[in-house]
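Asks: I'd like to ask you about the structure that follows.
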Amino acid sequence: MLTLWGSRPRRDDRFCDGQPRRSFLQVGALGSLTLADILRAEGATNTPGSTSRKRHKAVINVLLPGGPPHQDMWDIKTDAPAEIRGEFKPIDTAVPGIQIGEVFPKIAARMDKFAIIRSIVGARGPHDLEQCTTGWPKEALAALGGRPSIGAAIAKMQGAVDRSVPPFVGLAAPTGHMPWSNPGIPGFLGPAYRPFRPDGPGMDNMKLNAELSLARLQDRRQLLSQMDHFRREIDQSGHMAAMDSFDSTALDILSSSRLMDALDVAKEDPRVRERYGDGKPYNYQYDGAPTANDHLLIARRLVEAGVRCVTLSFGRWDSHGKNFDLVRDHGGKLDQCLSALVDDLSERGMLDDVSVIAWGEFGRTPRINQNAGRDHWPQVSCAILAGGGMRTGQVIGSTNRLGEYAVNRPVEFQEVVATLYHNVGINIHHDRIVDPAGRPQELVQQPPLKELI
């Protein structure tokens, strides 16, 4: 008989050997029901499992859910009539000839470290962020589960930097409108390549109980191995074999404080935390994400710990009303934390290794509506990028005088995503991922932006 040592159970909640069902699941869930479902096959064959920090390439994907207004941020239309131009004035930046919106003075002062795209085209219009996380519309390969997101693809192709740290983490806070808290789907790669969610059920199992020592945890590793051997004999689907690395990695995470430490901003220098700010109060949130400035700090800490891709949602930019009040609030907070992130990465010698992008699912109407808002405008949108060894200090593309459509260098979502893949060392022209039908699939079908690489 196999015995699991733990706290004394209630009589009505025991297995036949006296072990409580709840105590068993607290460990068993780590291997097969929660955390480990997210951590499949994390490069057991290509990562040595060292706990020392390795230099690696990474992506921080800052989603601006709801559709940020391009003409109030990076593409101010001074020559447009008042009903289109709006309330904001352009300000000069550190790069001569480039102007951006007045609510971004910190970014303006660091414009040499940023690149702006004013002419992103191809948005579909729905309130999901699939094109910002995968480069593809939501319906692409839907029958197979969809296209994998950037983080899932990187996790599959490059594995983990450290066995105790998941390669893909989603900091997207829960939202009333669920698509806005989607940090990126695993698509046809399956649930093993979902992002680890610190606010999800896996976090409940991240800490060891007081009565569970590391020695006993290792004993339970042996127990799980014995149980899985038995279960493998009756599982003909192949799923059980895949779960071996789930268990291994989940237990590695449990026995290391590396991930938990990275998530704990209280351990950061107070001066650094003050530089980022916390984004409070969370105004105009409604059914969207909070303006959690400290999530950008956590993203840097996670990358430093070994995460390859961090996705987060910042604010709710669906400004059908009070557009200018919202941009003053959200924009000012984004200005603070995004500039702090770039400074922080630069000071730590990480900026060339970490690609940072902030963007949303579409732009907003040139004409201001009767509620002082702007409505959905998929015809053109924008993005701001930094780091990753990219050629910054430039603006790519332009729109017409009213900000209605791209007139110079229209940029596809896939070109941006291809650039992010290029920056982490993935060759999108040659590297493929095999789908469940055995067919090699391209990550994207557009090349990286030649202006940036």
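Asks: So for the range 374-394 (the condition being of a type in the set (D, E, K, R), crowded, with 19+ Cβ neighbours inside 10 Å, over 22 Å from the mean Cα position of the chain (by Cα) and at pLDDT 95 or above), does at least one residue qualify?
Replies: yes
Asks: Do you know which of the residues in the range 395-404 that are in contact (Cβ under 8 Å) with a residue 40 or more places away in the chain and assigned to a loop (DSSP other than H, G, I, E, B) is surrounded by the most Cβ atoms within 10 Å (Cβ to Cβ)?
Replies: G403
Asks: Could I ask something else about it? Checking the condition assigned to a helix (DSSP H, G or I), among the hydrophobic types (A, V, I, L, M, F, W, C) and touching a helix residue (DSSP H, G or I) at 6+ places or on another chain (Cβ under 7 Å), which residue from I120, I107, I100, I84 passes?
Replies: Result: I107 is the single residue among I120, I107, I100, I84 that is assigned to a helix (DSSP H, G or I), among the hydrophobic types (A, V, I, L, M, F, W, C) and touching a helix residue (DSSP H, G or I) at 6+ places or on another chain (Cβ under 7 Å).
Asks: Do the conditions hold for I357, that is, is it of a type outside the set (K, R), part of a strand (DSSP E or B) and closer than 18 Å to D128 by Cβ?
Replies: In short, yes.
Asks: Among the residues of the range 110-117, is there at least one that is touching a helix residue (DSSP H, G or I) at 6+ places or on another chain (Cβ under 9 Å), closer than 30 Å to A155 by Cβ and at pLDDT below 95?
Replies: Scanning the range 110-117, I find no residue that is touching a helix residue (DSSP H, G or I) at 6+ places or on another chain (Cβ under 9 Å), closer than 30 Å to A155 by Cβ and at pLDDT below 95, so the answer is no.
Asks: While we're looking at this one, here's another question. Could you grab me the full set of residues in the range 292-325 that are free of Cβ contacts under 8 Å to residues at least 60 places away in the same chain, in contact with an Asp or Glu (Cβ under 9 Å, 6 or more places away or on another chain) and within 18 Å of F362 (Cα to Cα)?
Replies: Of everything in the range 292-325, just one residue is free of Cβ contacts under 8 Å to residues at least 60 places away in the same chain, in contact with an Asp or Glu (Cβ under 9 Å, 6 or more places away or on another chain) and within 18 Å of F362 (Cα to Cα), namely H320.
Asks: State all residues of the range 123-172 that are assigned to a loop (DSSP other than H, G, I, E, B) and of a type in the set (K, R); if no residue qualifies, say none.
Replies: R124, K138, R147, R163, listed by residue number.
Asks: Does S245 fit the bill of being over 26 Å from M111 (Cβ atoms), part of a loop (DSSP other than H, G, I, E, B), of a type outside the set (A, V, I, L, M, F, W, C) and at pLDDT below 95?
Replies: Against the criterion (over 26 Å from M111 (Cβ atoms), part of a loop (DSSP other than H, G, I, E, B), of a type outside the set (A, V, I, L, M, F, W, C) and at pLDDT below 95), S245 does not qualify.
Asks: Further question on the same structure: Given P191, P186, which one is surrounded by fewer than 22 Cβ atoms within 10 Å (Cβ to Cβ), under 28 Å from H422 (Cα atoms) and modelled with pLDDT of 60 or more?
Replies: When all the criteria are applied, what remains is P191.
The values are calculated or read from the model by the stated rules, or taken from the named source; none is laboratory data. Predicted, not measured: the structure shown is a model, and the values here were computed from it. Counting neighbours? That spans all protein chains shown, and the Cβs are built from the backbone with ideal geometry, glycine included.
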